[in-house]
1. Check Ala188, Ala193 and return the single one that is within 8 Å of the ligand (Cβ to nearest atom), under 23 Å from Gln299 (Cβ atoms) and in a helix (DSSP H, G or I).
2. Which numbered condition trips up Ile44, out of (1) among the hydrophobic types (A, V, I, L, M, F, W, C); (2) out of contact with any Lys or Arg (no Cβ under 6 Å at 6 or more places or on another chain); (3) more than 18 Å from Leu89 (Cα to Cα)?
3. Please find, within segment 87-96, the residue that is surrounded by the fewest Cβ atoms within 10 Å (Cβ to Cβ) out of those that are farther than 11 Å from Tyr141 by Cβ and not aliphatic (A, V, I, L, M).
4. May I ask you to list the residues in segment 270-291 that are away from the ligand (no atom under 16 Å from the Cβ) and either touching a helix residue (DSSP H, G or I) at 6+ places or on another chain (Cβ under 6 Å) or open to solvent by 60 Å² or more (accessible area, probe 1.4 Å) (or both)?
5. Failed condition for Gln200, given (1) in a loop (DSSP other than H, G, I, E, B); (2) near the ligand (Cβ under 8 Å from one of its atoms), with all others met?
6. Determine if segment 199-209 includes at least one residue that is at pLDDT 95 or above and under 26 Å from Ile146 (Cβ atoms).
7. Of all residues being in a helix (DSSP H, G or I) and in contact with a helix residue (DSSP H, G or I) (Cβ under 8 Å, 6 or more places away or on another chain) in segment 108-135, which is farthest from Lys150 (Cα to Cα)? Just the residue, please.
Amino acid sequence: MTVAHFALGGKRIWIAGHGGMVGQALIRRLGHEPCECLTAPRTIDLRERAAVDRWLGENRPDAIILAAASVGGILANATRPAEFLYDNLAIATNVIDAAHRHDVGKLLFLGSSCIYPRDAAQPIGEEALLSGPLEPTNEAYAIAKIAGLKLAAAYRAQYGRDFISAMPTNLYGPGDNWDPATSHVVPALIRKAHAAKLAQAGSFSIWGSGTPRREFLHVDDLADACVMLLQDYSDVRPINVGSGEDIAIGDLAKLVAEVVGFEGEIATDPSKPDGTPRKLMDNSRIAAMGWTPSISLRQGLEQAYAAYLAEASA
Ligand code: GFB
């Protein structure tokens, strides 16, 4: 790995996707650094090449963290593959190419652990990329994210750009999408458990069998990792960012119920997909750089529940 420190002092960093859960966390975290965060107005559609090009030309950031994406949980991914593929390809293509043409000094592209093959050996190392078929429920999103990371790597190889990619595991936290029809599992379960508690219902149901295992990372831990990577990671290979621990969805549901204070039953809904059976990443490369997450799953779920209550009443 080429070690080229990118000092943040006095830098202007564009957080592409500042309105999303990851973007908001990056802005909170970068607030503690001696740099300035730039945000594009919502009228700039990142799927439009000319709009991205114009905005970059006018604002000239020193660095970009590309956290903008069309995202959703397993069902949204499975039912809207065209949007997930097109939007994410367009965003990655426009931002990465414009970053090159406007001479941006550093770019961090954020992907997802779903880029790895469905049946990859666990824990999943970065070398598993493109070694087997993808999980069908999120193939469209994964293909777009693979294209994005390969694009960053290609601009690095061909033009010497310091463009890097990080692959976060399943994220949760404040600013999440709480709509249970389209969200990821953590916000969906928090909302369902809370609603069941208020309704004094006997049970709430989780999708699928409850047996798939997932690795969860609080978004503030991801933001912390991104700030380190922006400064000190400079390599063509993507780097995994996870908590290093996985949990069965059924056990996650029990933990969420405890945090929320719901004491009834948890039912399963086999009509809904399970997705990939297990997704635990090998985080040894980022650990070797000295980064470890600091928020436990229970603590993080407590914070996320508090954020849900605050956001729901806002
Ligand atoms: O978080 P999730 O939607 O995404 O689902 P993936 C994780 C697991 O939780 C699946 C189960 O096995 C779901 O069946 N689950 C149980 C639920 N109850 C629920 C519920 O009420 N809502 C949801 N959403 N799930 C995503 C990809 O896959 O991972 C994205 O779709 C992205 O592309 C993300 O890569 C990190 O982990 O299955």
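The values are calculated or read from the model by the stated rules, or taken from the named source; none is laboratory data. This one's a predicted model, so the numbers in the text were calculated from it and none came from an experiment. Cβ: placed from backbone, ideal geometry, glycine included. Neighbour counts: every protein chain shown. Just so you know, the surface numbers come from the protein's heavy atoms only, side chains and all, with ligands and any DNA or RNA stripped out. Shrake-Rupley method; radii C 1.70, N 1.55, O 1.52, S 1.80 Å.
1. One residue alone meets the criteria, Ala188.
2. Answer for Ile44: the failing condition is (3).
3. Thr93
4. Going through segment 270-291, the residues away from the ligand (no atom under 16 Å from the Cβ) turn out to be 282, 284-291.
Those that are away from the ligand (no atom under 16 Å from the Cβ) and either touching a helix residue (DSSP H, G or I) at 6+ places or on another chain (Cβ under 6 Å) or open to solvent by 60 Å² or more (accessible area, probe 1.4 Å) (or both): Ser284, Ala288, Gly290, Trp291.
5. Only one criterion is unmet by Gln200, namely (2).
6. Yes: segment 199-209 contains one or more residues that are at pLDDT 95 or above and under 26 Å from Ile146 (Cβ atoms).
7. Taking segment 108-135 first, the residues in a helix (DSSP H, G or I) are 113-115, 126-128.
From the residues that got through so far, the ones that are in contact with a helix residue (DSSP H, G or I) (Cβ under 8 Å, 6 or more places away or on another chain) too are 114-115, 126.
Values: Cys114: 15, Ile115: 12, Glu126: 13 Å.
Once the filter is applied, the top-ranked residue is Cys114.
Okay, residues lined up against (1) surrounded by 18 or more Cβ atoms within 10 Å (Cβ to Cβ); (2) farther than 24 Å from Leu8 by Cα:
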| residue | (1), (2) |
| --- | --- |
| Phe109 | yes, no |
| Asp119 | no, yes |
| Ser131 | no, yes |
| Leu134 | yes, yes |
| Thr137 | yes, yes |
| Ala140 | yes, yes |
| Leu151 | yes, yes |
